[in-house]
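Heads up: the structure comes next, in structure tokens.
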């Protein structure tokens, strides 16, 4: 069965322009660069048969930049480009509104251009729609590096092909933070700081940190989670998280990159595991809570934050795993009828499996490897379908 | 000229300018130079020769080709009390930076009710005669003199070039300093011998706003400026043999204008020829004629004669260009016409 | 911000008070064009809070908020706007040409043309070895001027202590940015010159304060220029008398007014009480009324004084 497949695109026009360009070596990814990345995503989506894209509207040049590309011969393979009909507020509400519309429209995946902050907002509204995150922010632990064309292909495969979705996605962890009647969700980190106010949002001075709660901590990360990553790495799919108390008396000192080009000595007092579902209360009586690197609100003793690690985060596309699976399943190749014998002998001589263990046929797919991906890699999957959790993270 | 100086020390107008700037830079650390190719090159027309070697890149700053940017920066530096000497390579390039010149450099003092001073020199090369055509051959001094708020000086020889530069740098007002390429004494351009002359080594000033009687005479007054002074002096020498006595008034400054020297000379000779390499209409020649007309037209024995570029862009071909420039031949003819 | 708003509100009233019945731009106690800065207070306050003696500002045609935030004397400034002899410029400059050399404050009615001048002031500060900085202010419409680009290049090239501030109020008179500018973020344009560019959204004074602080600290430390774009709000017309028929965002203007929004946030967080708010308003009111009285009671310049001050 062939039906229309739509992929959503959220590109935060404001990402990468924050104060980290001043206080650290934040990059200069311009609107033109973001539009360029989206051109690549569109090419990737179009190549694997996505026929419609629903993109966030903005008044900051991304929508108009994309529209300028429509109709050019070089973009003939693009999916049809549509935009969410939404008011433009230039706040994170634009992202959440657009995400909501996309979920309602039944998109098969959402490609997110932004940093941890953007992904956090999308994740909060994306439900079970898989996310492909391309890093364009200045504080990026959540998006994993992938080239935009490749990310577009992966998003398209996940959206059009149920088994790619099964093999290529996992359910991320989140950190829920509750303070009074305010509830926020972090994808990577919750920081308790003693900065005076919310200000420009960003956190770049590790001496202001008092407590840090991490859903995962990679040793090669950039951002606050690198503090944990340098001490006790915790994988994205590991069931536990990490809680850190900073300051004196220090049992450890680390020098992690907490911003681009910004490595700062950080004193760590204690380190403990965060167990999913078990709520911990912040020790500080007052301060400012930063979620995924952005200061969000102040609290006093009456609204001391409570943090809980949960396994109900967004469904995340592992681009590498998706592509690897698709290649093994022959979803990325076609074998010409006439060339069949030669190909066969060639593949046997190199050890390349003509019929790999996870071939489409074995899996009972609708796909035939001899036909074009664009025509056939639609499995008519229902976007609302509940996603299996290949990571096996307990709920 | 004093006897202690070597009478053989003769330098070009370009060298005289550079020497003046160098002496002011030695005397006052707030003086510095900015412009295109003013550094190692020494100025396309030699106005900053050797300054880079003496003062280095901090005080002799090569700029990008960005006239609005660096002229504006000169204004800002002057507002903060420095004394920048800024070169606009060709005066013809005024079009890309006139807002900074006219709306800012020239107006800030007035707009501020006298509270802010802009002690800045903007020097630029002017004039044609070497087939550089319409965009690199203009004089335009009348344009700057027309707009209020900036002094305009136009030296014709090495001595005045040095003395006027020193005065311009020390002046608390913006001064436009327009030097003629043909009067610089450049080795790569046809030059009048008057472009190389004796100039004292030490610092001295020529006051801004004082015209000079470059040559005394009784029959005709030529009021002129810049390279045309050299031509007029040549003509005066030649006509002396023909029994015509020509007085040559070198204006030296257009703003302020020395009306008195002009009027005294015209009162003496009764005949006025204005020679101007700038465009004829609405310019210097009309202004000089108006001064006489407003003061006492009866001092004229004959109507005023004007020899200037006849309101056409400067053409390229040598025949065409010399067809419109105020050459010696045309000056001579105009003088003879006045005394006939 | 309250002080600036009170000032602009009263100038607005005084400006219009005597231009009726047939509205004549040249009539009244305050004649001429009037560009008021209501709604743009966060940009000025957030930046100027970091400035000290010797720091300079070049402001554009809409300068009052930066002048007041930078410490320009309100009475002398008001007298200038009224065209009186006691004015900053003795009545020669008017509201678009305010000069206060003691505070190194100037403005220009030609957009973006204050940028090169700011570079020169910064050059002077650098040459003299001070840690002073210059703030160059322009609107988003001005960023399409060559002077903007030439200045960014010069400042980057010479590592000048200047912070370029772009007030993006969405409207270049009547033209929205989308219709005038191929690059929608001036923070991005900074990247073309290899200097940091930051954009602050939502007219948020605390965010402006923090970003400006970082930019100014950087400049003072000799790390060179940067650009700060503030997404702000033109609460009123481009000039007074502008009917704004072109404006498509009028219905949300009031709700985006940064003053009530910030007051509400401060009240909610317990940082500001109603009593303090009233006290601030009363002080602003008293200062503004005194300035207007000073201006109104000051002498009108004699016509012949027009001939003074062409040259020093």
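Just so it is clear, none of the values below were taken in a lab; they were calculated from the coordinates. Not measured: the values here are computed from a predicted model. No Cβ is skipped: glycine too gets one built from the backbone with ideal geometry, and neighbour counts run over all protein chains shown.
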Task: Cα pair distances of the protein assembly as shown binned at 20 Å [whole percent] - done: 12, 32, 29, 18, 8, 1
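Please arrange B:228, B:156, A:273 by how many other C-beta atoms lie within 10 Å of their C-beta, fewest to most. Provide the component values of the computation, followed by the final result.
On the way: B:228 33, B:156 30, A:273 14.
The fewest-first ordering by Cβ neighbours comes to A:273, B:156, B:228.
Give the percent of DSSP beta bridges with both residues in the protein assembly as shown that are antiparallel, rounded to the nearest 5. Display every interim value, and only then the final one.
On the way: 57 of 133 bridges.
Looking only at bridges with both residues in the protein assembly as shown, the antiparallel portion is about 45 percent.
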TODO: Would you list the P(r) distribution for region C:1-111, with all Cα-Cα distances sorted into 5 Å bins from 0 and each bin expressed as a whole %?
DONE: 2, 13, 22, 26, 20, 10, 4, 2, 0, 0
Task: Proxy reagent accessibility, fewest Cβ within 10 Å first, across C:149, B:180, C:104 - done: C:149, C:104, B:180
Open item on the list: What distance in nm separates the two pseudo spin-label positions at residue B:98 and residue C:269, each 7 Å out from Cα along the beta-carbon direction?
Closed with: 5.2 nm
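Could you work out the Rg to Rh ratio of chain B, with Rh taken as the Kirkwood radius (inverse of the mean 1/r over all Cα pairs)? List each step's numbers first, then the result.
Details: Rg = 19.4 Å, Rh = 20.2 Å.
Looking at chain B, the ratio lands at 0.96.
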Task: Along each principal axis, Cα extent of region B:1-106, largest first, Å - done: 48, 28, 25
Task: Estimated translational D of region C:107-228 in µm²/s (Stokes, Kirkwood radius over Cα pairs; 37 °C; 0.692 mPa s) - done: 229 µm²/s
Task: Helix-derived mean residue ellipticity, 222 nm - over chain C, DSSP H n ≥ 4, -39500 (n - 2.57), to 500 - done: -12000 deg cm²/dmol
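Tell me the relative contact order for chain B as a rounded percent, counting alpha carbon contacts under 8 Å between residues six or more apart.
Working: 774 pairs, mean separation 54.7, N = 340.
Contact order relative to length: 16 percent.
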Open item on the list: For region A:1-121, place one equal point scatterer on every Cα, skip the solvent, and apply the Debye formula. What is log10 of I(q)/I(0) at q = 0.18 Å⁻¹?
Closed with: -0.94
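Could you give the alpha-carbon Rg of region B:209-310 over 2.2 N^0.38 Å, rounded to two decimals? Don't skip to the end; give the middle numbers.
Details: Rg = 12.3 Å, N = 102, 2.2 N^0.38 = 12.8 Å.
Taking N as the residue count of region B:209-310, the ratio is 0.96.
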Open item on the list: Can you compute the FRET efficiency between residue C:297 and residue C:22 using 1/(1 + (r/R0)^6), with r the Cβ-Cβ distance and R0 = 30 Å? Round to the nearest 0.05.
Closed with: 0.60
TODO: When a/c is below 1.5 the answer is rounded, else prolate if a/b is larger than b/c, else oblate, so apply that to region B:300-340 with a ≥ b ≥ c taken from the square roots of the Cα gyration tensor eigenvalues.
DONE: oblate
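Rounded if a/c is under 1.5, else prolate if a/b beats b/c, else oblate: with a ≥ b ≥ c from the C-alpha gyration tensor eigenvalues square-rooted, which is chain C? Mind showing how you got there, number by number?
Numbers: a/c = 1.42, a/b = 1.19, b/c = 1.19.
Rounded.
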- [ ] Rounded to the nearest 10 degrees, what's the angle between the helix B:259-269 long axis and the longest principal axis of chain B, both from Cα atoms, 0 to 90?
- [x] 20 degrees
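Starting with the fewest neighbours, write out B:219, C:168 ranked by other beta-carbon atoms found within 10 Å of each beta-carbon.
On the way: B:219 18, C:168 28.
Fewest-to-most Cβ neighbours within 10 Å comes out as B:219, C:168.
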Task: Mean separation of Cα contacts under 8 Å (6+ apart) over length of region A:225-310, as relative contact order % - done: 25 percent
Open item on the list: Rounding to the nearest 10 and keeping the result within 0 to 90°, find how far the Cα-based axis of helix B:227-240 lies from the longest principal axis of chain B.
Closed with: 30 degrees
- [ ] Label region B:208-267 by shape, choosing from rounded, prolate and oblate, from the square roots a ≥ b ≥ c of the eigenvalues of the Cα gyration tensor; if a/c is under 1.5 it is rounded, and otherwise prolate applies when a/b is larger than b/c, oblate when it is not.
- [x] oblate
TODO: Enter the angle in degrees (range 0 to 90, nearest 10) between the Cα long axis of helix B:328-339 and the first principal axis of the Cα atoms of chain B, meaning the one along which they spread out most.
DONE: 40 degrees
Open item on the list: I'd like the mean, over residues of C:193-202, of how many other protein chain beta carbons sit within 10 Å of each residue's own Cβ.
Closed with: 6
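Dividing the alpha-carbon Rg of region A:91-144 by 2.2 N^0.38 Å yields what?
Scaled against compact globular proteins, the figure is 1.03.
Working from the alpha-carbon coordinates of region A:40-89, get Rg over Rh, Rh being the Kirkwood radius. List each step's numbers first, then the result.
Working: Rg = 11.3 Å, Rh = 11.4 Å.
Computed over Cα atoms, the ratio is 0.99.
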Task: Convex hull volume per residue in cubic angstrom - Cα atoms of region B:45-189 - done: 112 Å³
Task: Share of alpha-carbon pairs per 5 Å distance bin for region C:68-150, given as whole % - done: 3, 15, 21, 20, 18, 15, 7, 1
TODO: Grab the beta carbon distance between residue B:131 and residue B:312, set R0 = 25 Å, and tell me the FRET efficiency rounded to 0.05.
DONE: 0.95
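Mind jotting down a quarter of the surface of the convex hull over the alpha carbons of region A:198-306, in square nanometres, one decimal?
Values: hull surface 26.7 nm².
The number I arrive at for region A:198-306 is 6.7 nm².
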